[in-house]
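Computed from the coordinates by the stated procedures, all read-outs in this text should not be read as laboratory data. Bear in mind the structure is a predicted one, so any value in this text is a computation, not a measurement. A quick note on method: Cβ atoms are made from the backbone with ideal geometry, for glycine too, and the neighbour counts reach across all protein chains shown.
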Amino acid sequence: MWQDPIVAETRDLRDEYARQFNYDADAIFEDLMAKQAMHPERVVSLSPRKIKPVVTVKRIAQDG
């Protein structure tokens with residue numbers, strides 16, 4: 001089966017990174033948060049989106 005080399009490389013890098021923390025999701029999260037705190041200018045903060053009201057259309061049955 002064909003494998004995309006970019007996807008394979010990305011998965012290998014992800015596995016290597018996770019292995020550093022024994023695949024502990026909490027430890028990985030803490031590391032990522034620490035890296036984020038080192039560069040606050042790179043964090044994007046967006047305002048919440050406004051919810052658009054749902055518009056329903058009433059269909060009239062036609063005798064054909």
(request) Show the residue pairs that are 6+ apart or on different chains and have beta-carbon atoms under 9 Å apart, the first residue being within segment 28-39 and under 19 Å from Asp15 (Cα atoms), the second being surrounded by 10 or more Cβ atoms within 10 Å (Cβ to Cβ). (result) Ile28/Tyr17; Ile28/Ala18; Ile28/Gln20; Ile28/Phe21; Glu30/Phe21; Asp31/Tyr17; Asp31/Gln20; Asp31/Phe21
(message) Restricting to segment 2-58, count the residues that are in contact with a helix residue (DSSP H, G or I) (Cβ under 8 Å, 6 or more places away or on another chain), exposed (fewer than 10 other Cβ atoms within 10 Å of the Cβ) and β-branched (Val, Ile, Thr).
(response) 1
